[in-house]
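Take a look at the structure set out below.
Only the coordinates and a few stated rules stand behind these numbers; no lab work does. Here the structure is a predicted model, which is why all the values come from computation and not from measurement. Using ideal geometry, Cβ is built from the backbone for each residue, glycine included, and neighbour counts are taken over all protein chains shown.
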Amino acid sequence: MITLTDIAYVRSGVADLGAATRFATEIVGLELAAPTDTKVAHLRADHRHHCLALVEGPSGVISSGFSVAGPDALEAAETELERSGFSVCRGSDVEARSRRVREFIAFDDPFGNRIELVSQQETITRPVAYARPAGITEFGHLCLDAPDVHEAYRFWSTRFNARVSDWIGDAACLMRIDPVHHKLAVFRGDGPGLCHMNFQVATIDDVFRNWNFLRSQKVEIEMGPGRHPQSTAIFLYFLGPEGFTYEYSFGVRRIEDEAGWVPRTFDPAEPGSIDMWLGPTTRPITQPQVRSAQDVLS
Ligand SMILES: [Fe+2]
């Protein structure tokens, strides 16, 4: 069993680095870290050096990173995955530096999503210099696609410490690795990819201010503002460049009584099961997993 201590980052390939970086800063509100590589833009939302890296190259998600406790835990994870038949690569020093981690390993989940496990992700104490006052407080969760969410749960719950918090029928599995209702979600989708990346905001007012701001900037709102009954989070999904879906949300449930929580199942066809406010529910667009010879450890 591999213990994930936190989510770490999303790494996404972009054909137009300038446009994607402008959107991440001027629209989403993230801080752009001082550039150290002309082909990578590191975006910061919280104590992490960055939680989103935009990498110039083929468009598509490159990897999703999760933290483990340290070098020993990483080595144990590498051994365990290899013993179970996964093909595991260890990142070079240069690749680890680009991720602002000391060490990492990479492998594909059974559905083709590239996962990276990292040790010692850099923390920055300086307050985040948000590019816009969107109210962001932290990188909240990430959501991957898989054709069968029950199979995906089997993978994440048997090999890792993920526990299901709630099911949305066969459409989604919402999982926790700490008291937050979900830090990892899997949505049903045809192929591997990143369904969306979530940022928590401080207040309900931020959600609605952002909604008005995004509309004024002619950004495509995919869903919301609405309220998910599972996590009780008030959500807003919107589409960034190159098919990358961002989400702001406020008020996610915490599950403090770990032993007492019983996962619930919601029928996605039932009104209110995705949005308690009964707004239109459109599935967010997934950015497909990028596959090319050079993408392996971009
Ligand atoms: Fe979400």
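Can you tell me which of PRO127, PRO133, PRO110 is more than 15 Å from the chain's Cα centre (by Cα), closer than 26 Å to LEU174 by Cβ and not in a strand (DSSP E or B)? Break it down into steps so the answer makes sense when it comes.
Numbers: PRO127 fails: closer than 26 Å to LEU174 by Cβ; PRO133 fails: closer than 26 Å to LEU174 by Cβ.
Criteria check complete, one pass: PRO110.
Counting only residues that are within 13 Å of the ligand (Cβ to nearest atom), surrounded by fewer than 22 Cβ atoms within 10 Å (Cβ to Cβ) and in contact (Cβ under 8 Å) with a residue 40 or more places away in the chain, give me the strands (runs of 3 or more DSSP E) lying completely in segment 198-291 with at least 2 of them.
221-227
Among the residues of segment 97-107, what is the count of those that are assigned to a loop (DSSP other than H, G, I, E, B) and either under 16 Å from the mean Cα position of the chain (by Cα) or β-branched (Val, Ile, Thr) (or both)?
1
Of all residues in segment 181-197, which are more than 17 Å from ILE27 (Cα to Cα) and either within 16 Å of the ligand (Cβ to nearest atom) or part of a helix (DSSP H, G or I) (or both)? Show your work before the answer.
Here is the first cut: in segment 181-197, the ones more than 17 Å from ILE27 (Cα to Cα) are 181-195.
If the condition is that a residue be more than 17 Å from ILE27 (Cα to Cα) and either within 16 Å of the ligand (Cβ to nearest atom) or part of a helix (DSSP H, G or I) (or both), then HIS181, HIS182, LYS183, LEU184, ALA185, VAL186, PHE187, ARG188, GLY189, GLY193, LEU194, CYS195 are the ones that fit.
Quick check on ARG163: is it of a type outside the set (S, T, N, Q), surrounded by fewer than 22 Cβ atoms within 10 Å (Cβ to Cβ) and over 21 Å from ARG253 (Cα atoms)?
Spelling it out, it is not the case that ARG163 is of a type outside the set (S, T, N, Q), surrounded by fewer than 22 Cβ atoms within 10 Å (Cβ to Cβ) and over 21 Å from ARG253 (Cα atoms).
Answer with yes or no whether THR36 is surrounded by fewer than 24 Cβ atoms within 10 Å (Cβ to Cβ) and more than 15 Å from the chain's Cα centre (by Cα).
yes
For PRO147, are the conditions met, namely being farther than 30 Å from GLU26 by Cβ and over 15 Å from the mean Cα position of the chain (by Cα)?
The answer is yes for PRO147.
If you check every pair at least six apart or on different chains, which have Cβ atoms under 6 Å apart with a residue in segment 80-94 that is without any contact (Cβ under 8 Å) to a residue 40 or more places away in the chain first and a residue that is surrounded by 11 or more Cβ atoms within 10 Å (Cβ to Cβ) and part of a loop (DSSP other than H, G, I, E, B) second?
Pairs found: GLU82/VAL88.
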